[in-house]
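What follows is a set of notes on a single structure, which appears directly below.
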Amino acid sequence: MFDFHCHSIFSDGELIPAELLRRVTVLGYEAVAITDHADQSNIDFILPRIISAAKALNQVSKTRLIPGIEITHVPPSQIPELVERARILGAGIVVVHGETLVEPVEPGTNLAAIKARADILAHPGLISEEEVRLAAEKGVFLELSGRKGHSLANGHVAALARRFKAPLVVNSDAHAPGDFMTKEFAEKVAQGAGLSLEEVADIFLTVRERFLGI
């Protein structure tokens with residue numbers, strides 16, 4: 001099990017990195033990414049702190065902590081610059097907060113994130129066929145979300161991803177201790193989006209190869 005979209009106290013999460021890492025370690029995770037919400041105001045503040053925590057904790061933890069970021073509610077025209085900035089600062093995973101059904105994300109965000117080659121487009125809502133085709137071409141992973149509200153479009157995302165062979169990832173978007181998923185529940189989230197057990201297994205294999213090199 002792994003999760004590449006979680007939040008700590010450095011944005012709107014409840015846990016410091018050490019406790020977040022410990023809680024998922026107990027659940028048997030191989031890896032977890034802390035991807036706190038960021039824009040131009042705080043990306044330089046968040047990433048060095050998550051990187052510092054990861055360097056210290058990974059020396060003794062069974063679960064690998066990956067420093068990441070979630071670029072959130074940034075105007076589409078400014079997303080490429082921030083994706084590049086995040087990588088320069090050392091982000092291991094760059095997530096962009098997609099056009100979820102439950103927040104007023106600016107139209108064009110999904111397309112900008114894909115064109116910028118973010119690693120993961122989170123909860124992309126009613127993403128278009130054109131955007132899913134482009135995600136497949138550029139290797140941008142589309143998220144099936146375990147989070148209430150964000151998960152409403154999972155079936156739509158999964159169906160288009162299957163059609164155009166775009167890569168998928170199942171994440172919790174965890175903000176609190178009760179949000180973390182077991183592997184079994186994450187599989188059910190993917191099945192609930194209309195995927196077969198074989199397709200779910202393929203998702204986990206593809207994600208492990210891409211983000212963990214396994």
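The values are calculated or read from the model by the stated rules, or taken from the named source; none is laboratory data. Everything quoted here is computed from the prediction, not taken from an experiment. Every residue, glycine among them, receives a Cβ derived from its backbone with ideal geometry; neighbour counts consider all protein chains shown. Ligands, DNA and RNA are stripped out before the accessible areas are found, and what is left, the full protein with its side chains, is counted by its heavy atoms. Shrake-Rupley method; radii C 1.70, N 1.55, O 1.52, S 1.80 Å.
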Can you give the accessible area per residue of the chain, in Å², using a 1.4 Å probe?
44 Å²
12 Å Cα-Cα reach of LYS138 towards aspartates and glutamates, excluding residues that sit fewer than 8 places from it in its own chain
ASP119
Those aspartates and glutamates that a straight Cα-Cα span of less than 12 Å connects to LYS183, excepting residues fewer than 8 apart in one chain:
ASP3, GLU30
Would you please give the residues with an amide H less than 5 Å from that of ARG64, counting only those at least 5 places away or on a separate chain, with H modeled from the backbone geometry?
ALA31, VAL32
Any chance you could get the radius of gyration and Dmax over the Cα atoms of the stretch 104-208, in Å?
12.8, 37
Rounded to the nearest 5, the percent of antiparallel DSSP beta bridges in the chain equals 0 percent
Point-charge dipole on Cβ atoms (K/R +1, D/E -1) for the stretch 75-214, about Cα centre, debye to 20
200 debye
What do you get for Rg/Rh over the chain if you use C-alpha atoms and the Kirkwood form of Rh?
0.93
LEU144 long-range amide H proximity, modeled H, under 5 Å
VAL169, VAL170, ASN171
Can you send over the carbon and sulfur percentage of the accessible area for the chain, probe radius 1.4 Å, protein chains only?
52 percent
List the relative contact order of the stretch 95-212 as a percent without decimals, with contacts defined as Cα pairs under 8 Å and 6+ residues apart.
21 percent
Summed over the other residues with a beta carbon less than 10 angstrom from that of LEU121, with K and R at +1 and D and E at -1, the charge totals -4
Residue with peak Gaussian network fluctuation, the chain [Cα springs, cutoff 10 Å], from VAL102, VAL26, VAL140
VAL26
Could you give me the ³J(HN,Hα) list for the stretch 73-88, computed from phi with Karplus coefficients 6.51, -1.76, 1.60 and θ = phi - 60°, whole Hz, x at Gly and Pro?
6, 8, x, x, 5, 9, 5, x, 4, 6, 4, 5, 4, 4, 5, 4
Would you mind counting up the charge near ARG49? Only other residues with Cβ under 13 Å from its Cβ, with Lys and Arg at +1 and Asp and Glu at -1.
-1
Rounded to the nearest 500, what is the chain's calculated 222 nm mean residue ellipticity when only DSSP H runs of at least 4 contribute -39500 (n - 2.57) each, over all residues?
-12000 deg cm²/dmol
Under a straight-distance cross-link criterion of Cα-Cα below 24 Å, which lysines are reachable from LYS188, leaving out those fewer than 8 residues away in the same chain?
LYS148, LYS165
Just to be sure I follow: if Rg is taken over the C-alpha atoms of the stretch 1-55 and Rh is the Kirkwood radius over the same atoms, what is Rg/Rh?
0.97
J(HN,Hα) series, the stretch 2-14, from Karplus relation 6.51 cos²θ - 1.76 cosθ + 1.60, nearest Hz, glycine and proline x:
7, 8, 10, 7, 9, 10, 10, 5, 7, 9, 10, x, 9
Per residue, the convex hull enclosing the alpha carbons of the stretch 56-148 has a volume in Å³ of 114 Å³
Once phi is turned into ³J(HN,Hα) by the Karplus curve 6.51 cos²θ - 1.76 cosθ + 1.60 with θ = phi - 60°, what whole-Hz value does each residue of the stretch 115-124 show in order, with x for glycine and proline?
4, 7, 6, 4, 6, 9, 9, 6, 5, x
